[in-house]
Amino acid sequence: MDPRQADLILDCMSCVICVAFHPVLPSIICAGTFNGEVLVWDIARENTKQIHSSRAEDCHEDAVASVVWTPDAGSKGKKYQIQSVGSDGKVFTWVLPSPPSNLDQSAGLILRTDRVARSLRGGSTSPEAQYGASSVSFSSRDRRQFIVGCESGNIFKCGLGVMNQSSTQRGMRSPDSATGKAAKSGDQQLKSPIAFAFVPLKGPVYGVDCSPFHRNAFLACGTDGCVHFFSALQNRPLFSLDPSQGYLFSVRWSPSRPMVCAVGTAGGSVLLYDLQIDQTNPVLTLEADEKKKAVVSVEFSQKRSHYLACGGVGGQVKIFRLPSDLCHRQPSEEARLQDIVEA
């Protein structure tokens, strides 16, 4: 194995924006692209690796910000489907057909603020305003609930329970009065998943992450340069971290330490915070890019929590081994998180 050379290269017609491995079948990979496509590969296949793709008429009209595998409720957890969230403000559900062919788009939503207080709508006060997603995180406690960060700075708590069936999604294009963009006439029939709006940040929200240890705790970061700690039940942050590192592009909770998180910065570093020890300064700084290029993705290993991977605009992926004190849960740590969220 040569860490400087890829073992497998999957060619695409457009830039890949996001990738997600199947939670049970490790050879199955889903990706969302810059031109709005959703693709699925099976890297265990000897010949053609790509097994599914979205139809041209079903694609997002802008870049796909996130793809997530979620359990199919109708299969009692035995099957998985794909949720894609795009910069066009749409949320689609995709079902994998058998045998391999085009993905079936089974349902859809659109991020509109018709049920949001005018003071929390950000740049546009129109009830028909359509918001493009820039970051998404699904709750680990309820995979039908998710947090969306938007290019406008808005942050919304959303749910899949109001999904429309795919028959309402297709139609001729007509002008969108709120955004000025061309929109499908079927968009007017799509419901909004927004259940709650938070006070907007001052700039695009590039990272959101739901806590794996508390259903209401989540983090958000973006061009305002801060990491904001939210409760999903309150519209303002409980507190904010200001590392003075410029734009922040990614934030992740540790899967093993309820009070530890990692943040990717514009200056090429990854900041590790232990909120049980210090709610102001990072306890560890990892230099991820020698040329100080931005770190845009940070991920903890779910099974080996002492490993942390990061990727940046310089094209490099680095894996760090974390010290043991950032990996092993501390006494009363989960209770401390609960106290902060429910104070």
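The values are calculated or read from the model by the stated rules, or taken from the named source; none is laboratory data. It should be emphasised that the depicted structure is a prediction, and the values quoted were computed from it without experimental measurement. For neighbour counting, all protein chains shown are included, and Cβ atoms are generated from backbone atoms with ideal geometry for every residue, glycine included. Side chains are part of the model used for accessible areas, which takes the heavy atoms of the whole protein and leaves out ligands, DNA and RNA. Shrake-Rupley method; radii C 1.70, N 1.55, O 1.52, S 1.80 Å.
Could you please give the count of residues in the stretch 74-105 that are part of a strand (DSSP E or B) and surrounded by 15 or more Cβ atoms within 10 Å (Cβ to Cβ)?
Number satisfying all stated conditions: 15.
Give the residue that is nearest to the chain's Cα centre (by Cα), with candidates limited to residues of the stretch 211-225 that are within 25 Å of residue 294 (Cα to Cα) and open to solvent by 20 Å² or more (accessible area, probe 1.4 Å). Write out each step before concluding.
Taking the stretch 211-225 and keeping what is within 25 Å of residue 294 (Cα to Cα), we get 211, 218-225.
Adding the requirement that they be open to solvent by 20 Å² or more (accessible area, probe 1.4 Å) leaves 223-224.
Details: 223: 16, 224: 18 Å.
For the stretch 211-225, the residue satisfying everything is 223.
Could you pull out the residue among 66, 54 that is touching a residue at least 60 places away in the same chain (Cβ under 8 Å), open to solvent by less than 70 Å² (accessible area, probe 1.4 Å) and closer than 28 Å to residue 111 by Cα?
Step by step, each of 66, 54 is checked, and only 66 is touching a residue at least 60 places away in the same chain (Cβ under 8 Å), open to solvent by less than 70 Å² (accessible area, probe 1.4 Å) and closer than 28 Å to residue 111 by Cα.
Is it the case, given these coordinates, that residue 183 is in contact with a helix residue (DSSP H, G or I) (Cβ under 8 Å, 6 or more places away or on another chain), in a strand (DSSP E or B) and either open to solvent by 10 Å² or more (accessible area, probe 1.4 Å) or at pLDDT below 95 (or both)?
no
Would you point out the residue of the stretch 41-50, among those that are touching a Lys or Arg at 6+ places or on another chain (Cβ under 7 Å) and assigned to a strand (DSSP E or B), that is most open to solvent (accessible area, probe 1.4 Å)?
At the first step, the residues of the stretch 41-50 found to be touching a Lys or Arg at 6+ places or on another chain (Cβ under 7 Å) are 41-43.
Checking which are assigned to a strand (DSSP E or B) leaves us with 41-42.
Values: 41: 13, 42: 30 Å².
So, considering only residues that are touching a Lys or Arg at 6+ places or on another chain (Cβ under 7 Å) and assigned to a strand (DSSP E or B), the one most open to solvent (accessible area, probe 1.4 Å) is 42.
When the stretch 307-343 is examined, which residues are found to be buried (at least 16 other Cβ atoms within 10 Å of the Cβ), in a loop (DSSP other than H, G, I, E, B) and in contact with a strand residue (DSSP E or B) (Cβ under 7 Å, 6 or more places away or on another chain)?
322
Could you say whether any residue in the stretch 49-57 is modelled with pLDDT of 90 or more and acidic (Asp, Glu)?
no
Looking at 258, 243, 282, which is the one that is assigned to a loop (DSSP other than H, G, I, E, B), crowded, with 19+ Cβ neighbours inside 10 Å and either aliphatic (A, V, I, L, M) or touching a residue at least 40 places away in the same chain (Cβ under 8 Å) (or both)?
258
Which one of 113, 168 is β-branched (Val, Ile, Thr), modelled with pLDDT under 90 and either surrounded by 22 or more Cβ atoms within 10 Å (Cβ to Cβ) or closer than 28 Å to residue 250 by Cα (or both)?
From the options 113, 168, the qualifying one is 113.
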